[in-house]
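Only the coordinates and a few stated rules stand behind these numbers; no lab work does. Note that this is a predicted model, so its numbers are computed, not measured. Note that each Cβ is placed from the backbone with ideal geometry, even for glycine, and that neighbours are counted across all protein chains shown.
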Amino acid sequence: MSTITVEEAEDAAKLISFGMRPRQRPAKDRTYRDLVVKYRTESAFRELVERTARGLGLKILGATEDIGVALAALPNSVFETKIEDYVRGARQRGEGERLLHGIIHLAVAALAFPRPDDLANDGYTGRVSAEAVDRAVRDTCDRLRERADATEGGVDTPTDTPELEKVWISYARRPEAALTKDGRLAMNSTKGMITRALNFLTDQGFLAVAGAGEDGWYRTTPRYQLQVRELAATSAFDELLALGVVPMSSHGTVRTVPPNSTEQTRAPAAPDTADEGLFHV
């Protein structure tokens, strides 16, 4: 890399700062727009931004004049929101709650982009709702129960990941909806947990409200598509599709990674891998 000026270092930090505000758009800020253009057209500046981000514990997933800079926190980054913290924010505790929240976020991602072509198509917009997510996961629980009953002894859920077996059983036993004393949707019901996930993703700029009411629909944003491309490289996402949470296309299992990146070999993943690419800045 050529000699870096103080002004270039400041510009790199400024662009990363813009990216950490997911609701801000280059179209509404000329400085932001100019920095995105510079990132996309000047290789030296792009390398400076990416290395600065990496030093901060961040990864740049993409940058366009439409969405700006999309960031993800690297493992153990100070900017990473651990799923344990996410669950604690819902005033819930325990391994079972962590697994349930993890599978819910995986299911939202899988339903938002049900086919590999959808995930690869930059112009695709997915739609999800609390009702659709809950129905899809419960249908999968029913199919797993039927398959388990068909095995010898009827006790072994047909999955290669024991952690996922626990979460399917736990989800099936959790009430779909329950009300608090003041008439609100209980956050420990599956619909309450899904609603919280959808609201969280909306706050992060990953989803946008497309309907009214607790069963209203949400549409995906390009920023979320970049995140799910990262998530789709994990074996937990693969297993979710293999279990039939969403219809499989003729292309088979989703295995999509961001453009110009090299796919990494990953170890078998439990639902807590949902925090890769989803729980971050």
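Residue-wise HN-Hα couplings along segment 48-64, as the Karplus relation 6.51 cos²θ - 1.76 cosθ + 1.60 with θ = phi - 60° gives them from phi, are 4, 5, 5, 6, 5, 4, 4, x, 8, x, 10, 10, 8, 7, x, 8, 9 Hz; Gly and Pro carry x.
Taking packing as the residue-averaged number of other Cβ atoms within 10 angstrom, the listed peptides 121-132, 193-204 run from highest to lowest as 193-204, 121-132. Placing dummy labels 7 Å off each Cα toward the beta-carbon, the span from Met187 to Phe79 is 2.6 nm. Residues whose amide H lies under 5 Å from that of Leu71, counting only those 5 or more places away or on a different chain, are Leu61; hydrogens are built 1.01 Å from N in the peptide plane. Here the 3J(HN,Hα) profile of segment 129-142, calculated from phi with Karplus coefficients 6.51, -1.76 and 1.60 at θ = phi - 60°, is 8, 4, 4, 5, 5, 4, 5, 5, 5, 5, 4, 5, 4, 5 Hz, Gly and Pro shown as x.
Extension gain for the segment Arg40 to Lys28, taken as residue separation times 0.36 nm less the Cα-Cα distance, is 2.5 nm to one decimal.
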